[in-house]
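Chemist: The following block contains the structure, expressed as structure tokens.
What follows draws every value from the coordinates through simple rules; no lab data is involved. Here the structure is a predicted model, which means the values were calculated and not measured. Positions of Cβ are backbone-derived with ideal geometry, glycine not excepted, and every protein chain shown enters the neighbour counts.
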Amino acid sequence: MATEVENGPEITQILGQWYDANQRSLPWRETTNPYFIWLSEIILQQTRVDQGTPYYLRFIKNYPKVEDLATAQQDDVLKLWQGLGYYSRARNLHFTANYISNDLHGQFPSSYAELIKLKGIGKYTASAIASIAFNEPVATVDGNVVRVVSRLFAISEDVTTKNAIIKIESITSSLLNPLDPGKHNQAVMEFGATHCTPVNPSCLECPLNTHCQAFKLKVVSSIPLKSKKIKRKTRYFHYLVVHTPDSSYLLHQRTNKDIWNGLYQFPLIESENDAELNDQHLKQFLKSNSIGIQKVNRVRKHVLSHQDIHARFYHLQIGEQIHESFKLVAASQIGEYPLPRLIDRYLEEHDVKTGNAALNA
Ligand code: SF4
């Protein structure tokens, strides 16, 4: 439901003019193809534009139609996604491409009500696709919109509360330009991304500063308020870099509901603390008596959005048959598998992909 807001039509008009003059030239702005819009919106969630753009271009080149994405192998989709994080986005893209291609016979849903039923598509993505690709008058609310609207109307309560979300959604709907909802939605998001930024927004040169309540009240820096603190988790990973004399390595695919689901890594033991594992522990885990630790690398910290991973890498050589839950992969082929960035970086630093592993590095 939309709330009538003071100076709403003027604010909408100024945002449209600002967008005409200041929008960045981005590849997904040159199309109204719903499949491309969908790809760009999913890629850009939790990802900066400069980081996401090359991924978008690679996806539309490798999978120019939704059917191409649907028939791809999941490993290939994850490989293309490698480095972007939040891999459930890639798995959901693949799942939904299959659904559209098979169950909907390639017909992309064309309304907000239909789009929101798809796996991996929430309110934000459904409204973005519906308005940009199909001109449906639905307002889009992302973090940038929350910041712009909460400042313009000096909403000082915690913007993660239900009450504040309802208020912001309602104001955003009221500001929507029904004649060009796709452009309007992009204008508010772009304004938040490049002008009304989280830190040091350009208030003095802002075309909206005469309408902005937070500016008038001098409370810009304290809005939007987010009181919920993200809880961080510390985890201790012990990776077993097990190789054969002919430079093949053991890999294992992550399949549980956890980070990096579907990606490949070295056999992993997770522990409660940072203490180094001993020979016995590793032999038991690998069900082998013929392993010898060649080197243990120092702990490296890998920071994710909600987790700090402390990873230790143990280099081991194994001579006998391997445990069946692992895959033996030639060093030169490891790079073809989708890998967490932590593993990929380790492989590069230690020259593993070429088979010249610098074990003493
Ligand atoms: S005056 Fe400042 S806080 Fe208000 S909309 Fe403009 S940039 Fe944002």
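Chemist: Please report the antiparallel percentage of the DSSP beta bridges confined to the chain, to the nearest 5.
Modeler: 60
Chemist: Sticking with this structure for a sec: Mind checking the angle between helix 143-152 and the chain's longest principal axis? C-alpha axes, 0 to 90 degrees, to the nearest 10.
Modeler: That works out to roughly 30 degrees.
Chemist: Which percent, to the nearest 5, of DSSP beta bridges fully inside region 233-354 are antiparallel?
Modeler: 65
Chemist: Quick one: net charge around residue 174, please, counting Lys, Arg +1 and Asp, Glu -1 for every other residue with C-beta under 12 Å from its C-beta.
Modeler: For residues surrounding residue 174, the net value is -2.
Chemist: So what's the back-of-envelope 222 nm ellipticity for the chain, counting only DSSP H runs of four-plus at -39500 (n - 2.57) apiece and dividing by all residues, rounded to 500?
Modeler: Result for the chain: -11500 deg cm²/dmol, rounded to the nearest 500.
Chemist: Please list, in order, the residues from region 258-274 whose amide nitrogen is less than 19 Å from a point placed 7 Å along the Cα→Cβ vector of residue 299.
Modeler: Of the residues in region 258-274, 268-274 have backbone N under 19 Å from the label point off residue 299.
Chemist: Further question on the same structure: What's the ranking of 288-294, 61-67 by average number of surrounding C-beta atoms within 10 Å, highest first?
Modeler: Ranking the peptides 288-294, 61-67 by packing returns 61-67, 288-294.
Chemist: For region 211-309, which GluC sites (Glu not before Pro) pass both filters: DSSP loop (anything but H, G, I, E, B) and at most 14 other C-beta atoms within 10 Å?
Modeler: 272, 276
Chemist: Return the single residue from 133, 21, 331 with maximal mean-square fluctuation; model: Gaussian network over the chain, springs between Cα atoms under 10 Å.
Modeler: 21
Chemist: How high is the FRET efficiency between residue 22 and residue 280 when r is their beta carbon distance and R₀ equals 51 Å, given to the nearest 0.05?
Modeler: For R0 = 51 Å, the calculated efficiency reads 0.20.
Chemist: Report the rotationally averaged projected area of the chain based on its alpha-carbon convex hull, in square nanometres.
Modeler: 20.8
Chemist: Gain in length, residue 226 to residue 61, computed as 0.36 nm per residue apart minus the alpha-carbon separation, to one decimal in nm?
Modeler: 55.5 nm
Chemist: Taking 0.36 nm per residue of sequence separation and subtracting the Cα-Cα distance, how much length would be gained by fully extending the chain between residue 203 and residue 95, in nm to one decimal?
Modeler: 34.5 nm
Chemist: Let me ask you something else. Within region 92-177, which GluC sites (Glu not before Pro) sit in a loop by DSSP and count at most 15 neighbouring Cβ atoms inside 10 Å?
Modeler: Counting only loop positions with at most 15 other Cβ atoms within 10 Å, the GluC sites (Glu not before Pro) in region 92-177 are 157.
Chemist: Let me spell out the model: positive unit charges on the Cβ of Lys and Arg, negative unit charges on the Cβ of Asp and Glu, origin at the Cα centre of region 1-146. What dipole size does that give, in debye rounded to 20?
Modeler: Value, rounded to 20: 560 debye.
Chemist: If you don't mind, another one. Which of 214, 175, 161 sits farthest toward the positive end of the charge dipole of region 148-225, with +1 on the Cβ of Lys and Arg and -1 on the Cβ of Asp and Glu?
Modeler: Of the options given, the answer is 214.
Chemist: State the Cα centre-to-centre distance between region 38-69 and region 253-301 in whole Å.
Modeler: Centre-to-centre distance over Cα atoms comes out at 33 Å.
Chemist: Please report how far the C-alpha centroid of region 93-128 lies from that of region 148-209, rounded to the nearest whole angstrom.
Modeler: 26
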